[in-house]
1. Of the residues Lys45, Lys49, which is under 22 Å from Gly120 (Cα atoms), out of contact with any Cys (no Cβ under 8 Å at 6 or more places or on another chain) and at pLDDT below 95?
2. Report yes if some residue within region 366-378 is over 22 Å from the mean Cα position of the chain (by Cα) and within 14 Å of Val32 (Cβ to Cβ); otherwise report no.
3. All but one of (1) under 18 Å from the mean Cα position of the chain (by Cα); (2) of a type in the set (A, V, I, L, M, F, W, C); (3) not in a strand (DSSP E or B) hold for Phe390, so report the exception by its number.
4. Looking only at helices (runs of 4 or more DSSP H) that lie completely in region 496-586, which have at least 1 residues being under 26 Å from Phe465 (Cα atoms)?
5. Taking region 585-602, which residues are under 21 Å from Asp489 (Cβ atoms) and crowded, with 17+ Cβ neighbours inside 10 Å?
6. Just need a number here: residues in region 371-384 that are touching a residue at least 60 places away in the same chain (Cβ under 8 Å) and surrounded by fewer than 18 Cβ atoms within 10 Å (Cβ to Cβ).
7. Show the residue pairs that are 6+ apart or on different chains and have beta-carbon atoms under 6 Å apart, the first residue being within region 270-297 and farther than 13 Å from Val333 by Cα, the second being assigned to a helix (DSSP H, G or I).
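The values are calculated or read from the model by the stated rules, or taken from the named source; none is laboratory data. Since the structure is predicted, the reported quantities are computational estimates derived from the model, not experimental observations. Reconstructed Cβ throughout: ideal geometry from the backbone, glycine too, with neighbour counts over all protein chains shown.
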Amino acid sequence: MPKRLTWKVKPEDIYEFKLVSDPQISPDGKEVAFVVTEVKRAREKGKKKYESHIWLMNLETKEARQLTFGKGSDINPRWSPDGKHLLFLSNRDDEKKGMQLYVIPRYGGEARRMTDIEGGVSDPQWAPKGRRVLFLASPPPKEKEKTDVKVIRRIFYKLDGAGFIHEKRRHLFVLTFEGARPKQLTSGDFDVSDPTWSPDGTEIAFIANMSENTDYEVKKDLYVISKMGGKPRKLYSGKGPLANPTYSPDGKYIAFLGHDMEKGFATNTNVWLVTSDTGRPRNLTKNYGISAVSAVLGDARGPGSNPYPIWGRAGKYIYFLATKGGSTHIFRVDKKGQSFAQVTEGDFSVDSFSLSRRASKIVYLRTSAVNLPDIYLLNDEGEDIQLTTFGTDLTDYRYLSKPERFTFKASDGKEIEGWIMKPIDFKKGEKYPAILEIHGGPRAAYGNAFMHEFQLLATRGYVVFYINPRGSAGYGEDFAYAIVKNYGDRDYKDLVEAVEYVKAHYDFVDPDRLGVTGGSYGGFMTNWIVTHTDIFKAAVTQRSISNFYSFFGTSDIGYIFGKEELGGEPWKRPRAYLKKSPISYVENVKTPLLIIHSENDYRCPMEQAEQFFVALKYLKKEVELVRFPDEGHNLSRNGQPHHRVERLNHILRWFDTYLKGKGSKK
């Protein structure tokens, strides 16, 4: 039966989303556990809030049942080795205390709480025999503060989404399934991440930088520690970021993701292999020109974890995610690095996946430009079968605009990929206002993932177009490296040349009614654009950067980002920092600008918005500042539901006013 289009996209669709995430196939390969997140009205204050619960689906009958219920959120389901229980994280009993560890029988019943740790726990994982569980948590301070005054001694003292972390370190803990008191295995002035058990359960591998420069460096090392604790053994000394180690089935090797910073943050993330005894390394994917990251952005995703490389049957292949162009797909490589293949293909992106023990089944989470995330099954016969319909149940009955892919040659001869979306009520022969969307990152990409914001703009009568300019992920190291120490040059040219291409090749675009918007790096580029050209009649800059000099000392990552991306410290290179700061050119602005920013954004702090707003207002330019309380850098993706709706309405108001002449700014 053909789908019946009934509704148009609206900001309030956020209240109706049912977002599927984190699929995990059972050890016997018969069921998949996953998370469904939706907006509920809060029981206490009457406001809308997110709730997540764990579901199970029988892979033979395709019948799904909800396993957990109640208030709060239940996430991160992980099967016990015998398949009889599921570990999960939940804040059901005390949201202020953070996520705690619970276990529930596979066939239902009461969930049992296993931890009670201030600040919560993360990264739980069963031991191979199911008798122990590891997790990460922050040990309590030796002395509880008797004042609300903060004494800061660390350079890395705050983190977007987490708040002030100056007295917190993440360390490794183990507890028994029966529920004895957790045992702390690591300690010290450093953070542990990505722990994983060896197949025999005798040791745990993890990532850390234990040097005195731990807060000053991005380099990480691979360590191994006994299940009973003791001194960790450094297995591999990294030259850059490392993540997600996982043992081969026979325990002889450890695969992990990482790179050597050869081209800074633009370096491809590769799949590496080390021997678990000597730590002798081998880069398995260096010659294949891809980066093992999930870089395609979307604004409608549920909570999930960063997927580890997964070993196939008998340890022959390692499966992993990588971004290629505008899509993220599953790839595999053998442990010698000689056999490499793409496993999934198509105009969609894979967010996470899970393998059955014999690697005969892959369940994966898939999204596209016209579909919210749903879970699919890829069996050993190559059949691709949709399992859940939580996403398509919503999108199938909405009028949606399907993006049309285009490419063009930039002025230096490089091919640039982009997409354009027609308005929902498109009529041939008419001209429409058009909005250029610019992604953040900059090592990210737009493409085959659902963007509610884009669909909303198309529904409201706008052409929407977007490209992956120089600096984006998915097109190789040289492409990503092109903007290092040179922000606002080749990336800016790519974006402006994309506008010229669209105007020349799509006669339904009104060249006199162009708008531009972007967030984070995209906000920086929006600020850069309005200070360097007046081709746009309206602009909305979000969670942006206006002054790289002050960003160095106020952003949670400013001192790392500035040194790597701008080539040094601001006091040594003041001219370079100010040359690449949009505020240096604020007098040139002619485009009406709406500034949207979150009060608790520690990545691009509020002072960035304040500086730009005050300068523009001082010069009597057309500008507004909208400040969202109790929100961080990711307002557009996981902010409070009512704030996300209000944000979209402000964007519509601004563009309607200046591109359509509708109503007033207020």
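1. Of the residues listed, the single one that is under 22 Å from Gly120 (Cα atoms), out of contact with any Cys (no Cβ under 8 Å at 6 or more places or on another chain) and at pLDDT below 95 is Lys49.
2. First, pick out the residues of region 366-378 that are over 22 Å from the mean Cα position of the chain (by Cα): 377-378.
When the remaining residues are screened for being within 14 Å of Val32 (Cβ to Cβ), the result is 377-378.
For region 366-378, residues over 22 Å from the mean Cα position of the chain (by Cα) and within 14 Å of Val32 (Cβ to Cβ): present.
3. All conditions are met except number (1).
4. Hits in region 496-586: 521-530.
5. Taking region 585-602 as the starting set, the residues that turn out to be under 21 Å from Asp489 (Cβ atoms) are 585-589, 591.
Answer for region 585-602, where residues must be under 21 Å from Asp489 (Cβ atoms) and crowded, with 17+ Cβ neighbours inside 10 Å: Val586, Val589, Thr591.
6. Counting residues in region 371-384 that are touching a residue at least 60 places away in the same chain (Cβ under 8 Å) and surrounded by fewer than 18 Cβ atoms within 10 Å (Cβ to Cβ) gives 0.
7. none
Okay, residues lined up against (1) under 30 Å from Lys503 (Cβ atoms); (2) of a type outside the set (S, T, N, Q); (3) in contact (Cβ under 8 Å) with a residue 24 or more places away in the chain; (4) out of contact with any helix residue (DSSP H, G or I) (no Cβ under 6 Å at 6 or more places or on another chain):
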{"position": "Val363", "(1), (2), (3), (4)": "no, yes, yes, yes"}
{"position": "Ala369", "(1), (2), (3), (4)": "yes, yes, yes, yes"}
{"position": "Gln386", "(1), (2), (3), (4)": "no, no, no, yes"}
{"position": "Arg398", "(1), (2), (3), (4)": "yes, yes, yes, yes"}
{"position": "Lys402", "(1), (2), (3), (4)": "yes, yes, yes, yes"}
{"position": "Lys414", "(1), (2), (3), (4)": "yes, yes, yes, yes"}
